[in-house]
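Written out below as structure tokens is the structure these notes cover.
Only the coordinates and a few stated rules stand behind these numbers; no lab work does. What you see is a predicted model, and the numbers here were worked out from it, not measured in a lab. Cβ placement follows ideal geometry from the backbone for every residue including glycine, while neighbour counts extend to all protein chains displayed.
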Amino acid sequence: MRAYIALLACGLAIAATESAVAVTTTTLTYQQGTDGYSGTVERRIGRAEAEQGDDPVDTVDASFYLDGGPTASDRKDLLIRFENTSIPSGAVILNASLGFTTSSVTSNNVSGGAFNVYSLSSPFGSDETFDSYTGGNGLDGGTAMILGSFDGMTTVETTSYARIDREMQLVANGGTSYGFGVRTDRSGDGWSYHTSVSSAFESRPTLNVTYTMDSGVELQTQNPTVDIFPNGVNADTAGTLINGNSADQYFLDGEDLDNNSYDQPYLVQFGGLDLSEYDEIVQAELVLVTGFSNGASDSPGPFTVHQIMQPWDENTTYESLDSDSDASSNETQELIDGGFIAEEAQSIIDMNDTEVLYIDVQSIVENWRAGDANYGLYIASGGTGNGWQIFTSGATEAGFQPELRVVGRQVPEPGSIALAVLGIVGLLAARRR
């Protein structure tokens, strides 16, 4: 009888703690010449006649620059792919990146970025040129989706990482990847990185993928169901309301009345999420792309991310958020004290022109899973008067709209837990006979 009770208790304990087991992850790293891997293919394509197409060089002895921007005569883009990889079918990608190490920095080419990574829409050959790839003009006609950004490449032998989760999830889902394109979409500063034939083996490009195969873990992605910029950008438009679906990209801003700049937050909601079956939120990230259309789209920040605690819609005005009878300025602390938003969950700093950012919002999404109403996210100036331009729900190019990426783990089916316990009971009963 004691054994019966002990094993029954064990079965119940397993059922009760099943959801507390950590998610099992695997990380794969591919680097030319490491652990026998030899599948990296690179091709630099340039606008200048003498630089139409170049194979990688040993960057211990020479530089190998990517350069631009889009209309520059010395523009150089990169095509790169990693062949013979083994991303398991059905994997949930938790983090995937390209890692490039800076090989050379000069006074004329100190690149802070951003250099953006795109998935390719077509394969490329070993003899590809700027004019031949997808009909000409480098990467301009050959990209499928923006993925991530290299940023802050100002010091030799430091490695920068650009996220490529969406492309690796495509592969895990059975899709075809043609590789990656790297280019600068605004910066005119070149960047020399260690290539796949560099004699500094440890500095060669890497493809890094962390995934899980655990049952019950799944990825949801959502674009905004509504997003707005209430107030306006200057004295002429103060009090106006910009709906994200009517603009391709727009500015968040902080109050700087000396320079005719008014507070302008960003409210965004992802109403299509279904978190009801999850036992926990494993990961949640908000993906935003900094604007392309304005030379002042970057910002040192900070901007802060908050959970919205009360209902709002596309007609919510800046003035309607007021709780202290002064609708001309609704500071973040006022909105916290008034119950419209929660305390800061995340701070965003050093946003570069055209940069893709992955912002951790796991704590907020976990609150939604635990029962808080999903009223969305509020992003506001954390004290800066330096505006930050982002792409909105009105963006039409793939990957540019804000995206919420949520990895959740499903609650085990009650029936399966009951069957497991009944199985233990049956086994014990048979033994007693």
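Some notes on this structure:
- For Cα extents along the principal axes in Å, the value computed from the atomic coordinates appears in the list (i) 87, 68, 35; (ii) 68, 46, 44; (iii) 65, 54, 43 under label (i).
- Dipole check for the chain: with +1 at the C-beta of Lys and Arg, -1 at the C-beta of Asp and Glu, and the Cα centre as origin, the magnitude is about 2420 Debye.
- Label-point gap, in nm, between E334 and D360 - each point 7 angstrom along Cα→Cβ: 3.2 nm
- Once the Cβ-Cβ distance of S293 and S215 is raised to the sixth power relative to R0 = 35 Å, the FRET efficiency obtained is 0.20.
- Net charge dipole, the stretch 114-249: roughly 80 debye, given to the nearest 20, about the Cα centre with Cβ charges of +1 for Lys and Arg and -1 for Asp and Glu.
- In terms of overall dimensions, the stretch 24-86 has a Cα radius of gyration and Dmax of 15.1, 51 angstrom.
- Dipole moment magnitude, nearest 20 debye, the stretch 346-398 about Cα centre, only Lys, Arg, Asp, Glu C-beta charged: 200 debye
- Pairwise FRET efficiency - E83 versus V23, Cβ, R0 = 41 Å, nearest 0.05: 0.90
- Note on the chain: helix-only mean residue ellipticity at 222 nm, from DSSP H runs of 4+ residues weighted -39500 (n - 2.57) and normalised by residue number, equals -4000 deg cm²/dmol.
- Segments 142-150, 359-367 sorted - mean Cβ within 10 Å per residue, highest first: 142-150, 359-367
- Binned Cα-Cα distance frequencies in the stretch 218-410 - 10 Å width, integer %: 10, 39, 38, 12, 2, 0
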